[in-house]
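Encoded as structure tokens, the structure appears first; notes follow it.
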Amino acid sequence: LENLQPEIKKLAERLRYEVSVRGKQVGWSEKAARFHFKKNLRRIITELYVRDNCHPFKATLVMWVQLPMWVCVSLALRNCSVGAADPEVQEQFSAGGALWFTDLTAPDSTWILPVSLGLVNLLIVEV
């Protein structure tokens, strides 16, 4: 979408000139000329989106799928760690850690995992 902005700007300037000329020829009011400009600009932008296959909705599609999945996984892990699920599962979590986190039901007192997760997410966003 960002790569299309210069092209859209040039096309909008050209379209503004063409609508201005056509409006003077036909005798459109300012409101009618603005209406025709906006209508044609929307059509041109839609054609560019189709040509380059980059509709803005595609960027939000990941969020609409990822956000509910993240909520469900977070709730499932919380239920497992606090014992809302089978007590046998909580016993496995309390004895199934590795390295410095031997109890998966206890909060990370060193903050290594939350900080590293935040840094990895920041890196993903920046890349």
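Output wanted: per-residue J couplings in Hz (rounded whole) for the stretch 61-77, from phi through Karplus 6.51 cos²θ - 1.76 cosθ + 1.60, θ = phi - 60°, x for Gly and Pro.
Ordered by residue, 3J(HN,Hα) equals 4, 4, 5, 5, 8, 6, 5, x, 5, 5, 4, 5, 5, 4, 5, 5, 5 Hz.
Karplus couplings for the stretch 28-44 from phi (6.51 cos²θ - 1.76 cosθ + 1.60, θ = phi - 60°), rounded to Hz, Gly and Pro as x?
6, 6, 4, 5, 5, 5, 5, 4, 5, 4, 5, 4, 6, 5, 4, 5, 5
Tally up the carbon and sulfur contribution to the accessible surface of the stretch 3-54 as a whole percent, 1.4 Å probe, everything protein left in place. Don't jump to the answer; show the numbers that get you there.
Values: 2190 of 4130 Å².
Within the stretch 3-54, the accessible surface is 53 percent carbon and sulfur.
Taking a ≥ b ≥ c as the square roots of the Cα gyration tensor eigenvalues, with a/c under 1.5 meaning rounded and otherwise prolate when a/b beats b/c, else oblate, which class fits the stretch 3-54?
Here the stretch 3-54 falls in the prolate category.
Would you mind getting the accessible area per residue of the stretch 50-127, heavy atoms of the protein chains only, 1.4 Å probe, in Å²? The partial results should precede the final answer.
Details: 6520 Å² over 78 residues.
On a per-residue basis, the stretch 50-127 sits at 84 Å².
Pull out a ≥ b ≥ c, the square roots of the eigenvalues of the alpha-carbon gyration tensor of the stretch 61-126, then state rounded if a/c is under 1.5, prolate if not and a/b is larger than b/c, and oblate in the remaining case.
Values: a/c = 3.45, a/b = 1.32, b/c = 2.61.
It comes out oblate by the Cα gyration axes.
Compute the helix-to-body angle for 5-26: its Cα long axis versus the longest principal axis of the chain, expressed 0 to 90° and rounded to tens.
That works out to roughly 30 degrees.
Using +1 at the C-beta of Lys and Arg and -1 at the C-beta of Asp and Glu, which of TRP28, LEU104, SER116 has the Cα lying farthest in the positive direction of the dipole of the chain?
Of TRP28, LEU104, SER116, it is TRP28.
Would you mind telling me the share, in percent, of accessible area of the stretch 61-126 contributed by carbon and sulfur at probe 1.4 angstrom? Mind showing how you got there, number by number?
Numbers: 3920 of 5440 Å².
Solvent-exposed carbon and sulfur of the stretch 61-126 make up 72 percent of the total.
Which whole-Hz ³J(HN,Hα) couplings does the stretch 116-126 yield from phi under the Karplus relation 6.51 cos²θ - 1.76 cosθ + 1.60, θ = phi - 60°, glycine and proline marked x?
So the J values, rounded to whole Hz, are 5, 5, x, 5, 5, 5, 4, 4, 4, 5, 5.
The values are calculated or read from the model by the stated rules, or taken from the named source; none is laboratory data. All of these numbers come straight from a predicted model, not from anything done at the bench. Note: ideal-geometry Cβ built from the backbone for every residue, glycine included; neighbour counts use all protein chains shown. When the accessible area is computed, the model is the full protein with side chains, heavy atoms only, and any ligands, DNA or RNA have been set aside. Shrake-Rupley method; radii C 1.70, N 1.55, O 1.52, S 1.80 Å.
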